[in-house]
Amino acid sequence: MAEDVDYCPLHECVFSGDVRKLSSLLRTNDVSKKDKHGNTALHLAVMLGRKECVHLLLAHGAPVKIKNLAGWSPLAEAISYGDRQTILSLVRKLKQQAREQMEERRPNLVAALNQMGDFYMELKWDFQSWVPLVSRILPSDICHIHKRGSSIRLDTTLVDFNDMHWERGDISFLFTGDRKPSQSLTVLDNKAQLFQRVRYEETEMEIEDEVDILMSSDIMAAQMSTKSITFTRAQTGWIFREDRKEMVGPFQSDFYVINGMLLESRKRREHLSEEDLQKNKAIMESLTKGSTQGFDNNGEPVRRPSLTPPPDNQISWLEYMSAEAGSYPNLGRNLVYKETNKAFKATVAMSPDFPLSVDMLLNVLEVITPFKHFSKLREFVQMKLPPGFPVKIGSSNSIPRPELLLIYSSSSSFVLTRLSLALFLTNSLIEKFWKLRGTNPRLLDLVYEASKLRLGSETNISFDFTLKQILASKLHQ
């Protein structure tokens, strides 16, 4: 039976601010139900600034990651509204829910890894550029990957880079699937003979740091659209055209042209002042110079305060529900919104002889990805992807891309293939990468954590780097 999107008692209680009735209804109603606009009760509570309703809904397990028809989560709307305590509450709950969901799927993940079979793999990667001689100064590394049962070990030598100098070392990442979460992921410095457990729970200071970044950054949403993707056989020859077939490593492969790849990105910044925008620009410049400004005289980061609430709207519940689906009147701040689409064209080489199959990969992804997203991925693979395994992928856009060399060993057979994976990056992103090339990449760890919250990643692993506080302070000053 289809869900009645017009009967939403929780939403109506939030709209009217009736906390007592909301508390009563939460015992018998689905806290994750969406209305006709795709909003949950938590969406509305955040947009309308109903703090008591927000805390009540979170206490009853309201999902923080869920998105409305416009593609925005309650956390995104909370950032727009600008109340710091509300954002803190949502970030804490998001991390808790992500951990719980991952632990629920953990047994299936371990089973999928065990079924995949043991292997050893070497992954050689380096950045390539069409600019002469530039490729020689770009970073490169060889990663050694060992998989046995539900355990994986990755050995790498590229530890850091600074001012175009690569720091080499001997670092290993160990994932032991049959151990409890607090002991499942370990980082080893083999030269220094030190190790560190990777924590799944951030400290309160780290969460405060992430909130500072979220409040001072654009609200971003991005996805690669597959609706219009088509595959056509690549052709070779000037006069007599024929389907392109080449050896990729030891594998005979059929080449296809990928058409219709579209990167859709949306950006909101109604919560940022002109001063914020100027500061953010200056921060990116100062990061490349190694500046540590942004702390007060006692060495403590200065926290970003809550914004002044937007004016109360006079929209009634009836007006909200009478609006066309997805086009309801604005309930919070007036949107400052920009949407961009970037088209990509690429080629892919498919080989039926590669020892790994797409199904093996999907079986692992199925247990670590939300089902509704995974079902779309499996449908895309089954309906559109040509037969075989993608052993080489290359972009037709003029952008740098990494070249990877893969050595795969299963039992006693060794196979070799060369992969060319395109970086689906816009030119502006590449420019930002080069501006940050002189920065210790560990400084960027916190930016990565905050971006995962915006983009909806379920991974909530943070490394205990002390330089996080420096970056966090920069991003809100």
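Filtering region 183-229 down to residues that are basic (Lys, Arg) and touching a Gly at 6+ places or on another chain (Cβ under 9 Å), which residue is surrounded by the fewest Cβ atoms within 10 Å (Cβ to Cβ)?
In the first step, residues of region 183-229 are kept if they are basic (Lys, Arg); the result is 191, 197, 199, 227.
From the residues that got through so far, the ones that are touching a Gly at 6+ places or on another chain (Cβ under 9 Å) too are 191, 227.
Working: 191: 11, 227: 7.
Here the answer is 227.
The conditions are (1) within 22 Å of the chain's Cα centre (by Cα); (2) within 30 Å of residue 326 (Cα to Cα); (3) surrounded by 18 or more Cβ atoms within 10 Å (Cβ to Cβ), and residue 83 fails exactly one of them. Which is it?
Of the numbered conditions (1) within 22 Å of the chain's Cα centre (by Cα); (2) within 30 Å of residue 326 (Cα to Cα); (3) surrounded by 18 or more Cβ atoms within 10 Å (Cβ to Cβ), the odd one out for residue 83 is (1).
Every residue, every condition in (1) modelled with pLDDT under 85; (2) part of a loop (DSSP other than H, G, I, E, B), yes or no:
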| residue | (1), (2) |
| --- | --- |
| 259 | no, no |
| 263 | yes, no |
| 270 | no, yes |
| 279 | yes, no |
| 307 | no, yes |
| 310 | no, yes |
| 354 | yes, yes |
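Hey, among the residues in region 23-41 that are aliphatic (A, V, I, L, M) and under 19 Å from residue 6 (Cβ atoms), which one's surrounded by the fewest Cβ atoms within 10 Å (Cβ to Cβ)?
Residues of region 23-41 that are aliphatic (A, V, I, L, M), as a first pass: 25-26, 31, 41.
Next, from what is left, pick out any that are under 19 Å from residue 6 (Cβ atoms): 25, 31, 41.
Details: 25: 16, 31: 18, 41: 33.
Of everything passing the filter in region 23-41, 25 is surrounded by the fewest Cβ atoms within 10 Å (Cβ to Cβ).
What are the residues in region 149-205 that are at pLDDT 80 or above and in a helix (DSSP H, G or I), if any?
Listed by number, the residues that qualify are 184, 204, 205.
Pick out the one residue from 64, 46, 54 that is buried (at least 21 other Cβ atoms within 10 Å of the Cβ) and within 17 Å of residue 98 (Cβ to Cβ). So that I can check it myself, show each step before the final result.
On the way: 46 fails: within 17 Å of residue 98 (Cβ to Cβ); 54 fails: within 17 Å of residue 98 (Cβ to Cβ).
Testing whether each residue is buried (at least 21 other Cβ atoms within 10 Å of the Cβ) and within 17 Å of residue 98 (Cβ to Cβ) leaves just 64.
Does residue 21 satisfy the criteria of being among the charged types (D, E, K, R), at pLDDT 95 or above and over 29 Å from the mean Cα position of the chain (by Cα)? Quick ask: steps written out before the conclusion?
Working: among the charged types (D, E, K, R): yes; at pLDDT 95 or above: yes; over 29 Å from the mean Cα position of the chain (by Cα): yes.
Yes; evaluated as a whole, the condition is true for this residue.
Taking residue 85, is it touching a Pro at 6+ places or on another chain (Cβ under 8 Å), part of a helix (DSSP H, G or I) and not β-branched (Val, Ile, Thr)?
On the way: touching a Pro at 6+ places or on another chain (Cβ under 8 Å): no; part of a helix (DSSP H, G or I): yes; not β-branched (Val, Ile, Thr): yes.
For residue 85, the condition - touching a Pro at 6+ places or on another chain (Cβ under 8 Å), part of a helix (DSSP H, G or I) and not β-branched (Val, Ile, Thr) - is not met.
Are there any pairs, at least 6 apart or on different chains, whose C-beta atoms fall under 7 Å, with the first in region 229-244 and touching a residue at least 24 places away in the same chain (Cβ under 8 Å) and within 16 Å of residue 259 (Cα to Cα) and the second among the basic types (Lys, Arg) and surrounded by 11 or more Cβ atoms within 10 Å (Cβ to Cβ), and if so, which?
Pairs that qualify, where the first residue is touching a residue at least 24 places away in the same chain (Cβ under 8 Å) and within 16 Å of residue 259 (Cα to Cα) and the partner is among the basic types (Lys, Arg) and surrounded by 11 or more Cβ atoms within 10 Å (Cβ to Cβ), are 229/384; 231/384; 234/244.
The values are calculated or read from the model by the stated rules, or taken from the named source; none is laboratory data. These numbers come from a predicted model, not from an experiment. For neighbour counting, all protein chains shown are included, and Cβ atoms are generated from backbone atoms with ideal geometry for every residue, glycine included.
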